[in-house]
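Chemist: Could you have a look at this structure, given as structure tokens, before my questions?
What follows draws every value from the coordinates through simple rules; no lab data is involved. What you are looking at is a predicted structure, and each value in this text was computed from that prediction instead of being measured. All Cβ positions, glycine included, derive from the backbone under ideal geometry; neighbour counts span all protein chains shown.
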Amino acid sequence: MKPKFLSFTAVLSLVTLVVSPHLQAASESWKEDIDGFWDDTTYWAGGTIPGSVGGTTSTNVATFEVALTQNRDVYADPDRNIGGLTFSNTSGFGYIISGGPLKLSNGGIVQL
């Protein structure tokens, strides 16, 4: 019986199917009472940056719910689009989202 070998294209396709979902953005929560850059994975609880750069179809929601000790700046990267923003439990302080522009896409909402 001859061994069967997968073609390079078949292997590459299989790897793409397995890895791609892990590279996509997802809904995430900002995890620190600290200023930071939106596109830095270390500030997001799951290590994934919510939203996408360019396009207008992101359904991801970015949640900001850390009890703050002062106002915090979050610098959005250019053309970031997000499906929604949720702010809660900010202890009387707020987040200042600057940079950007940060775009709400796919019928996006801001929830306070």
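Chemist: Normalized C-alpha radius of gyration of region 25-111, against 2.2 N^0.38 Å?
Modeler: 0.98
Chemist: Another question, if that's okay. Multiply the residue separation of Phe93 and Asp79 by 0.36 nm, subtract the distance between their alpha-carbon atoms, and state the gained length in nm to one decimal.
Modeler: 2.4 nm
Chemist: For the pair Thr41/Thr56, report the inter-label distance in nm, with labels modelled 7 Å from Cα in the Cβ direction.
Modeler: Label-label distance for Thr41 and Thr56, simple model: 3.0 nm.
Chemist: Under 1.5 on a/c is rounded, so check that first for region 60-112, then, if it is not, pick prolate when a/b is larger than b/c and oblate when it is not; a ≥ b ≥ c are the square roots of the alpha carbon gyration tensor eigenvalues.
Modeler: Cα axes put region 60-112 in the oblate bin.
Chemist: Let me ask something else. Please give the length that would be gained between Thr48 and Gln111 if that part of the chain were fully extended, namely 0.36 nm times their separation in residues minus their C-alpha to C-alpha distance (nm, one decimal).
Modeler: Contour length minus the Cα-Cα distance gives 20.6 nm.
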